[in-house]
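The values are calculated or read from the model by the stated rules, or taken from the named source; none is laboratory data. Treat the numbers as computed from the prediction; the structure is a model and nothing was measured. All Cβ positions, even for glycine, are placed from backbone atoms using ideal geometry, and neighbour counts span all protein chains on display.
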Amino acid sequence: MQKRSVFKYLFQSANKIKQTLFIICCVGVFQNNYAQNIDLEIGAAIGNVIDEEHSLGKGEIFFSVLKSYNFGDIGIDFSTGGNFIPGTRSIMEENIETLSQNDSKFLGVAILYRHTIKKHFFIEPRVGYASLYSFVHTDNTRRISQSNFTAGFGVGGKIERFTVSLRYQYYGKTANFEGLKDNTIIRSNSRSLGLILLRFSYRFRLGNLFSKKQENNKE
């Protein structure tokens, strides 16, 4: 039994070493072959719901990974956001509270294409996945969400490493839901949500970060 335990431990250790070596090799290949043309863009946005009044506004934080080609940049964008000013604008009628779709929080992952139309200006269509969600804290449900197809279009400009863009984003529809909280019925209707967002971001060249790290290691 002790021999089996020793062999099992050695086998598990060997597997861990192989996995670690594989990860190190992948990172090395990425640094040498791909990172030179890849940028990381990090930023925040402020905006509002389009075509409807929403006094709380909407805010967003995001990061994008972009790879440059001769025909433009292709990337993937990760974003999350909600009301810029904390609070809700639900409607209360007798014992029924109807949630406003404009209060929905959102998560998004999108593939984008950034095409330069002038030296410092670009257009940017994008498509992807989005989740609209709200916290309801009813008897049986804490959080409701709805998965959606998302699409957007933006225009912007770049000055060195700073980027400013204005984007319209359609996030899909909110969830249909009805639950009970104490003696109050909490209701969410399926409604569309579209936002207009002004984005500010800073761009890091990943290849430069890796090259500086390698130079420091050599020293």
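Quick look at the values:
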{"item": "Members of the stretch 42-75 that are at pLDDT 95 or above and acidic (Asp, Glu)", "result": "60"}
{"item": "Some residue of the stretch 114-121 being farther than 30 Å from residue 180 by Cβ, hydrophobic (A, V, I, L, M, F, W, C) and part of a strand (DSSP E or B)", "result": "yes"}
{"item": "Residue within the stretch 77-99 that is assigned by TED's automatic domain parsing to the domain that holds residue 169, over 18 Å from the mean Cα position of the chain (by Cα), assigned to a loop (DSSP other than H, G, I, E, B) and touching a residue at least 40 places away in the same chain (Cβ under 8 Å) present", "result": "yes"}
{"item": "Filter result (out of contact with any Lys or Arg (no Cβ under 7 Å at 6 or more places or on another chain), farther than 23 Å from residue 65 by Cβ and either surrounded by 20 or more Cβ atoms within 10 Å (Cβ to Cβ) or not assigned by TED's automatic domain parsing to the domain that holds residue 83 (or both)) within the stretch 100-126", "result": "104"}
{"item": "The listed residue being under 18 Å from residue 100 (Cα atoms) and modelled with pLDDT of 90 or more, out of 202, 171", "result": "171"}
{"item": "Selected residue (only one of 171, 133, 129 is surrounded by 13 or more Cβ atoms within 10 Å (Cβ to Cβ) and over 19 Å from residue 47 (Cα atoms))", "result": "129"}
{"item": "Residue that is surrounded by the most Cβ atoms within 10 Å (Cβ to Cβ), among those in the stretch 136-168 that are within 27 Å of residue 42 (Cβ to Cβ) and among the polar types (S, T, N, Q)", "result": "150"}
